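**Student:** If you scroll down you'll find the structure; I have some questions about it.
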Amino acid sequence: MDARLDYFGNALGAKVLKHINSATKVASDSTLPHATQELVKIRASQINGCGFCTDMHTKDAAQAGETQQRLNLVAAWREATVFTDAERAALEVAEQATRIADAAGGVTDEAWANAAKYYDEDQLVALISLLAIINAYNRINVLNQQPAGSYQPGQFG
């Protein structure tokens, strides 16, 4: 499988990615726990069918010390006992935010209130931002049919 075009190597694509990556850095440098950041990016990427981002974020999470068991269970987080209540709240927001067109109004007040029990305002801003960014990345990669499997942790800096 080949990508439709070399988005990463295209001058315009590189400019777009530079700005998306700048936003990613700001949100990633927040106090939202790194494990939570990776879990929500993985879950959104799974829902969107983005193999490239799923590959990237599972490998980055593993490199950062995430366990294989937790990575294997992200898609089934509701039934898994390996996630904290805070992570569960973030994963629920991630699912509803990613399925915004299906959610009849987006993230429910109940899901938001639950997340707000565990995360402060800056962390919630980071969560919203990371979800918006990963959904944008998923769309770029899915539209371009970006192949998955060859990502190496740290490949993009």
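Only the coordinates and a few stated rules stand behind these numbers; no lab work does. From a predicted model like this one, the values you see are computed outputs, not experimental measurements. Because the Cβ atoms are built from the backbone with ideal geometry, glycine has one as well, and the counts that use them run over all protein chains shown.
**Student:** Over every pair of different alpha-carbon atoms in segment 54-104, take the mean of 1/r and invert it; report that Kirkwood radius in Å.
**Tutor:** By the Kirkwood definition, the hydrodynamic radius is 11.9 Å.
**Student:** Sticking with this structure for a sec: In terms of the ratio Rg/(2.2 N^0.38 Å) built on C-alpha atoms, what value belongs to segment 10-50?
**Tutor:** Dividing the Cα Rg of segment 10-50 by 2.2 N^0.38 Å gives 1.38.
**Student:** Relative contact order of the chain: what whole-number percent is it, with Cα pairs under 8 angstrom and at least 6 residues apart?
**Tutor:** It rounds to 40 percent for the chain.
**Student:** Extending each Cα 7 Å along its Cβ direction at residue 5 and residue 144, get the distance between those two points in nm, one decimal.
**Tutor:** Taking the two extended label points, one gets 1.0 nm.
**Student:** Could I ask something else about it? In nm, what is the difference between 0.36 nm times the number of residues separating residue 62 and residue 110 and their Cα-Cα distance?
**Tutor:** Details: separation 48, 0.36 × 48 = 17.28 nm, distance 3.11 nm.
Contour length minus the Cα-Cα distance gives 14.2 nm.
**Student:** Grab the other residues whose beta carbon is less than 15 angstrom from that of residue 75, score K and R as +1, D and E as -1, and report the net.
**Tutor:** It works out to a net charge of -1.
**Student:** Now for a different question. Quick one: length gained pulling residue 101 to residue 20 fully straight, 0.36 nm per residue minus the C-alpha distance?
**Tutor:** Residue separation times 0.36 nm, minus the Cα-Cα distance, leaves 26.9 nm.
**Student:** Restricting to DSSP H runs of at least four residues, report the calculated mean residue ellipticity at 222 nm for the chain, -39500 (n - 2.57) per run over all residues, nearest 500 deg cm²/dmol.
**Tutor:** Computed mean residue ellipticity for the chain: -20500 deg cm²/dmol.
**Student:** In nm, give the distance between the simple-model label positions of residue 128 and residue 31, each being 7 Å from the Cα along the Cα-to-Cβ direction.
**Tutor:** 1.8 nm
**Student:** Rounding to the nearest 20 debye, state how big the charge dipole of the chain is about its Cα centre with +1 on each Lys and Arg Cβ and -1 on each Asp and Glu Cβ.
**Tutor:** Rounded to the nearest 20 debye, it is 480 debye.
**Student:** Separate question: Considering only the other residues whose Cβ falls under 13 Å of the Cβ of residue 86, what net charge follows from Lys and Arg at +1 and Asp and Glu at -1?
**Tutor:** Residues near residue 86 contribute -2 overall.
**Student:** Next up: Debye calculation, C-alpha points only, no solvent: report log10 I(q)/I(0) for the chain at q = 0.12, 0.17 Å⁻¹, in the same order as the q values.
**Tutor:** Here the Debye-derived log intensity ratios amount to -0.50, -1.02.
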